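Supplied in structure tokens, the structure appears directly below.
FYI, it's all coordinate maths here, none of it is from the lab. Computed from a predicted model, the values in this text were never measured in an experiment. All Cβ positions, glycine included, derive from the backbone under ideal geometry; neighbour counts span all protein chains shown.
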Amino acid sequence: MPEGKFDREFLRGALVLMSRSEVDRLLYVSDHPLSTAELRGRPVKRKLVYAVTSDGLVNQLKAKKYTTVMIPPYDYTRIEKIKVAVVAAQSAGLLKDGDTVLALAGPGNDKVMDTLVKVTIGSEDPEEKIRVDTLGLPPEFSSQVVESLIHTAMEIGAEGYEGRPVGTIIVIGDSTAVMEKSRQLILNPFQGISEAERNALDPPIREAVKTFSALDGAFIIREDGVVLAAGRYLLTMSRDVKLPMGLGARHSAAASISAESKAVAITVSQTTGTVRVFKEGEIALELRQKLRRV
Ligand SMILES: Nc1ncnc2c1ncn2[C@@H]1O[C@H](COP(=O)(O)OP(=O)(O)OP(=O)(O)O)[C@@H](O)[C@H]1O
């Protein structure tokens, strides 16, 4: 889409707002950085954080002393792009609780920006907030991967598969150990696909995870999001796990694998749609469904 007069006005309007002292950070989610002319006379460089999708661009912008974070090059919606960029900026220590952030994103891979979002960091409804940061995950885990899979799990719990409720387990991290402590129940649907094409950060792969959640068994996912397998039966049965009454074999298997490896295990309960994250054998996070469509 070529950039028109209104698009330039929109950007100018957004930059005027961003210059205001109430705004702590301006998150510019685009592979088309602002031009010198667009930035001239605006005291925003200090606040500006670019979120871009290529290493090359990160290096170019850093060489020009711009604060820059990298986000995956997937086909996200504008709001998803902004969420991913906020998480990336948080992980890079660029945002703190209470910061007012204005984020700008556009529909495609051109210069046009059409979405301006105001976010106050840490102000979300605690029920809604997925506090991956408070899970205390080791550094090898990508908070983007974990957050996106928790989100996918919430969708599985809310929507089920073809109108019927489904449950599943998603095990993330320490994958060599987890593969050793599990066995394939069915043919692995992710086998033979190149690693670049089976990353859970990629929206089509997230959709595939939702579809395959109807299969028996667990997903095994590497820290960087590469889906190694679906349909795995977890062989661990640890006695040291703490489970509330009423949770059965699925939750017990997830708790056990998280006790016997460094992995975290996300469960979706078929019965209630509730999503739980297990770490070191215990529930580290529990998210109930507000609205269930199945
Ligand atoms: N060790 C395991 N590895 C992978 N999946 C498992 C394992 N044990 C059970 N499951 C899956 O969990 C399913 C449901 O088991 P069960 O009803 O006992 O679980 P639950 O913890 O009560 O969870 P839900 O709330 O989903 O019913 C089984 O049909 C199976 O697909």
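Would you mind getting the Kirkwood hydrodynamic radius of the range 27-83 from its Cα pairs, rounded to one decimal in Å?
Computed over the range 27-83, the radius equals 11.9 Å.
Do the sum for the chain: with -39,500 (n - 2.57) for every DSSP H run of n ≥ 4, divided by all residues, what is the mean residue ellipticity at 222 nm, to the nearest 500 deg cm²/dmol?
-9000 deg cm²/dmol
Which whole number of Å³ per residue matches the convex hull of the alpha-carbon atoms in the range 5-124? If you can, show how the numbers build up before the last one.
Details: hull volume 12.1 nm³, N = 120.
Hull volume over Cα atoms, normalised by residue count, gives 101 Å³.
Here is a further query. Counting Lys and Arg as +1 and Asp and Glu as -1, each charge on the Cβ, what is the dipole of the range 5-124 about the Cα centre in debye, to the nearest 20? Numbers along the way, then the final one.
On the way: 19 positive and 14 negative charges, 120 e Å.
Roughly 580 debye, rounded to the nearest 20.
Can you sort S30, S21, S252 by how many other beta carbons sit within 10 Å, fewest first?
Ordered from fewest to most neighbouring Cβ atoms within 10 Å, S30, S21, S252 come out as S21, S252, S30.
I've got another one for you. With charges only on Cβ, +1 for K and R and -1 for D and E, what is the dipole size of the chain about its Cα centre, in debye, rounded to 20?
620 debye
Another question, if that's okay. Need one number: % antiparallel among DSSP beta bridges in the chain, to the nearest 5.
Here the share of antiparallel DSSP bridges comes out near 65 percent.
Of all alpha-carbon pairs in the range 143-287, indicate the percentage at a distance above 19 angstrom. If you can, show how the numbers build up before the last one.
Numbers: 4595 of 10440 pairs.
Across the range 143-287, Cα pairs with separations above 19 Å total 44 percent.
Given 5 Å bins starting at zero, what is the percent of C-alpha pairs of the chain in each, up to the one with the largest pair distance?
1, 5, 12, 15, 16, 14, 11, 10, 7, 5, 3, 1, 0, 0
Quick one: order S261, S143 by neighbouring beta-carbon count within 10 Å, fewest to most.
Arranged by neighbour count, lowest to highest, S261, S143 become S143, S261.
Taking the Cα centre of the range 196-294 as origin and charging only Cβ (+1 Lys, Arg; -1 Asp, Glu), how large is the dipole, in debye to the nearest 20? Let's see the in-between values first.
Numbers: 15 positive and 11 negative charges, 84 e Å.
Dipole size: approximately 400 debye.
Cα axis of helix 203-212 to longest principal axis of the chain: angle in degrees, 0 to 90, nearest 10?
Helix 203-212 sits at roughly 20 degrees to that axis.
May I pose another question? Could you grab the relative contact order for the chain? Cα pairs under 8 Å, six or more apart, rounded to a whole percent.
Relative contact order comes out at 15 percent.
Going by how many other beta carbons lie within 10 Å of each one, how would you line up I79, I221, I71, fewest first?
Fewest to most other Cβ atoms nearby, the residues stand as I79, I71, I221.
Projected onto the charge dipole of the range 4-112 (+1 at Lys/Arg Cβ, -1 at Asp/Glu Cβ, origin at the Cα centre), which of L17, V87, L39 gives the Cα projection farthest towards the positive end?
Farthest towards the positive end: L39.
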